[in-house]
Amino acid sequence: MARIAGVNIPTQKPVHIALTYIHGIGHTKAGEIVAKVGIPTERRVNELTDDDVVRLRELISEDHQVEGDLRREVAMNIKRLMDLGCNRGLRHRKGLPVRGQRTRCNARTRKGPAKAIAGKKK
């Protein structure tokens, strides 16, 4: 099993798909990485040589911010917004949608399960 950026990537999947298991690498960025390293797109992770894995690991660590560093930066950005007390920070603090979505009927993902209101029956 190949370990890149602290993540065990699945061995039976094509390389460009397996790279998306790393936080911060999506389909587009994975395709660019595979093209830069020069690995054919149909090659699977278990078919990679040790040299290919090392080149992938080096390219990702040099050029891309992934996993722990990226999570830390996002958390710091949210914390900065909350400390400023701007509208986005207040929405984060209250656990409400941040980007302008309506909350009257569709915000269950962000607000959590519906709470029953006492005395509302009728």
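The values are calculated or read from the model by the stated rules, or taken from the named source; none is laboratory data. Quick caveat, the model's predicted, so the values are computed rather than measured. Ideal geometry is used to build each Cβ from the backbone, glycine not excepted, and the neighbour counts take in all protein chains shown. In case anyone asks, the SASA skips ligands and DNA or RNA and just uses the protein heavy atoms, side chains included. Shrake-Rupley method; radii C 1.70, N 1.55, O 1.52, S 1.80 Å.
Ligands, DNA and RNA excluded, the heavy atoms of Leu81 present near 20 Å² of accessible surface to a 1.4 Å solvent probe.
A simple packing score, the average count of other Cβ atoms within 10 Å per residue, orders the peptides 102-112, 6-16 as 6-16, 102-112, with the highest score first.
Two numbers describe the Cα atoms of the chain: Rg and Dmax, which are 20.9, 70 Å. Per residue, the chain exposes 73 Å² of accessible surface when a 1.4 Å probe is rolled over the protein heavy atoms with every protein chain present.
How about region 39-108: which GluC sites (Glu not before Pro) there lie in a loop by DSSP and see at most 14 other Cβ atoms within 10 Å? Sites meeting the loop and neighbour criteria: Glu42.
Straightening the chain between Asp63 and Met82 buys 3.9 nm, computed as 0.36 nm per residue apart minus the Cα-Cα spacing. Among the lysines of the chain, pairs that are 8 or more positions apart or on different chains and have alpha carbons within less than 18 Å of each other number 4. Once the Cα-Cα distance is subtracted from the 0.36 nm per residue extended length, the Val54 to Ala114 segment shows a gain of 16.7 nm. For the chain, the share of accessible area belonging to carbon and sulfur comes to 50 percent (1.4 Å probe, ligands and nucleic acids excluded).
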